[in-house]
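Colleague: Take a look at this one; I'll ask things after.
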Amino acid sequence: MTKLGVLCVVVLAGCSSDPSFHNPFSGRDDASRAKLAAYAAQARYPDTEPRSDLSGGAIVSSHNDTVRIVNFSDRALVEPDIWVNGSFVQRAGTVPARGIVTMARSGFYNNRGDVLSSIGNIQRIDIQTHDGFWRLLGPVKD
């Protein structure tokens with residue numbers, strides 16, 4: 001419950017130390033969209049239950065169509081796959097320890113090539129790395 005409270009404070013107060021990160025698949029051109037869709041087509045949602053022992057959360061912003069991943073832990077999450085509703089995925093760069101990464105909703109695709117920005121309701125966000133699979137707190141909306 002305390003973690004969710006902290007996540008709400010981050011949403012309400014904002015975060016000026018949002019680290020800059022470059023997603024090699026990001027972009028609005030056709031080649032970038034094709035790379036994102038191709039990655040999603042081959043990605044597989046894990047068949048195990050997500051763990052809940054990672055201190056992290058998600059914030060969904062409707063006014064700028066972004067998903068922010070908040071890492072409260074002391075370890076960086078290297079090149080994780082971020083899963084939305086168990087079917088839309090985007091690979092992030094490193095989510096720094098005690099840091100935030102912002103990702104465009106338009107960068108999340110499912111295995112059929114549909115884009116997340118066309119789907120209204122985000123119910124859950126999971127994060128998958130080479131060493132684990134976790135359910136994030138939230139998502140909360142700002």
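The values are calculated or read from the model by the stated rules, or taken from the named source; none is laboratory data. Given the structure is predicted, the values throughout are model-derived calculations rather than measurements. Positions of Cβ are generated from backbone atoms using ideal geometry, with glycine treated the same way; all protein chains shown enter the neighbour counts.
Colleague: Which condition number does R51 fail, the rest of (1) over 23 Å from S32 (Cβ atoms); (2) crowded, with 19+ Cβ neighbours inside 10 Å being met?
Modeller: If we test R51 against (1) over 23 Å from S32 (Cβ atoms); (2) crowded, with 19+ Cβ neighbours inside 10 Å, just (2) comes out false.
Colleague: Tell me, which residue of the range 117-138 that is part of a loop (DSSP other than H, G, I, E, B) and surrounded by 15 or more Cβ atoms within 10 Å (Cβ to Cβ) is modelled with the highest pLDDT?
Modeller: L136
Colleague: If I go through the range 68-87 residue by residue, how many of them are of a type outside the set (A, V, I, L, M), under 12 Å from the mean Cα position of the chain (by Cα) and within 14 Å of L136 (Cβ to Cβ)?
Modeller: 7
Colleague: Another question, then. Hey, could you check the range 55-74 for residues that are assigned to a loop (DSSP other than H, G, I, E, B) and modelled with pLDDT under 95 and say which is surrounded by the most Cβ atoms within 10 Å (Cβ to Cβ)?
Modeller: The extreme case among them is D65.
Colleague: For R44, state whether it is free of Cβ contacts under 8 Å to residues at least 60 places away in the same chain and either surrounded by 15 or more Cβ atoms within 10 Å (Cβ to Cβ) or aliphatic (A, V, I, L, M) (or both).
Modeller: Considered against the rule, which asks whether it is free of Cβ contacts under 8 Å to residues at least 60 places away in the same chain and either surrounded by 15 or more Cβ atoms within 10 Å (Cβ to Cβ) or aliphatic (A, V, I, L, M) (or both), R44 comes out as no.
Colleague: For A13, state whether it is modelled with pLDDT of 90 or more and either more than 19 Å from Q123 (Cβ to Cβ) or buried (at least 16 other Cβ atoms within 10 Å of the Cβ) (or both).
Modeller: No.
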